[in-house]
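Only one structure is covered here, and it is reproduced in the block below.
Coordinate-derived values only; no laboratory data. Please read all numbers here as calculations on a predicted model, not as lab measurements. As a convention, Cβ positions derive from the backbone with ideal geometry for all residues, glycine included, and neighbour counts pool all protein chains shown.
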There are 2 protein chains.
Amino acid sequence: MYQAKVYVNYKDSVLDPKAEAIKTALTRASINNVQDLMVGKYFELRLTADSQLAAEQQVDAICDQLLANINMEQYRYTVSAIDEVQA
Amino acid sequence: MYQAKVYVNYKDSVLDPKAEAIKTALTRASINNVQDLMVGKYFELRLTADSQLAAEQQVDAICDQLLANINMEQYRYTVSAIDEVQA
């Protein structure tokens, strides 16, 4: 069993409306010491696979096809083996 | 300077429509080896603060007021000191 942790966020070139909205809210709440803010999506998947490589390849395909809009978003992930019991 | 990494996701008692939609899409794509899927929001903040404790307290307040809907969502975060240069 493998566990994948996937992070998806807008490419640097894309203006993130959610981040802008939160920055505005922070300013309104007089919170002025937040220098930078990044907003993204986070996924955890548990999957069975024949090998670490097979698990990574599948996670990459799932990111590409389902979890990220690759025109505007970028993704990164980690894949680690976990015990069946822990699963 | 401190960096906070914040994870927000639905409480276990709340049905997550996004997760359900992705599970359906996985099934349609004949991807049947994904045993479990969790969907959440991920934030990275950089903030100045007088101390680690002060930074943690502020991040907690920001989560509570802005980043999570505490009726339906739960959040966790890590806060670590970072060099000014790295910032």
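Relative contact order for chain A: what percent, with Cα pairs under 8 Å and sequence separation of 6 or more?
After rounding, I find 55 percent.
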Coil-residue GluC sites (Glu not before Pro) of segment B:1-63, DSSP, other Cβ within 10 Å capped at 14
none
Would you tell me which residue of chain B has the beta carbon closest to the rotation axis bringing chain B onto chain A, and how many whole Å away it is?
B:TYR42, 2
Between segment A:28-55 and segment B:1-25, how far is it from one alpha carbon centroid to the other, in angstrom?
10
GNM flexibility winner over chain B from B:VAL34, B:VAL59, B:VAL14 (Cα, springs under 10 Å):
B:VAL34
Shielding score for A:43-54, defined as the mean number of other chain Cβ atoms within 10 Å
4
Identify which of B:SER51, B:SER30, B:SER13 has the largest mean-square fluctuation in a Gaussian network model of chain B, with springs joining Cα atoms closer than 10 Å.
B:SER30
For chain A, set up a Gaussian network in which alpha carbons nearer than 10 Å are linked by springs, and say which option among A:LEU26, A:LEU47, A:LEU15 fluctuates the most.
A:LEU26
Once the convex hull of the C-alpha atoms of segment B:2-81 is built, how many Å³ does it hold per residue, rounded to a whole number?
104
The protein assembly as shown pair-distance distribution - Cα-Cα, 5 Å bins, rounded %
1, 8, 15, 17, 18, 15, 12, 8, 4, 1, 0
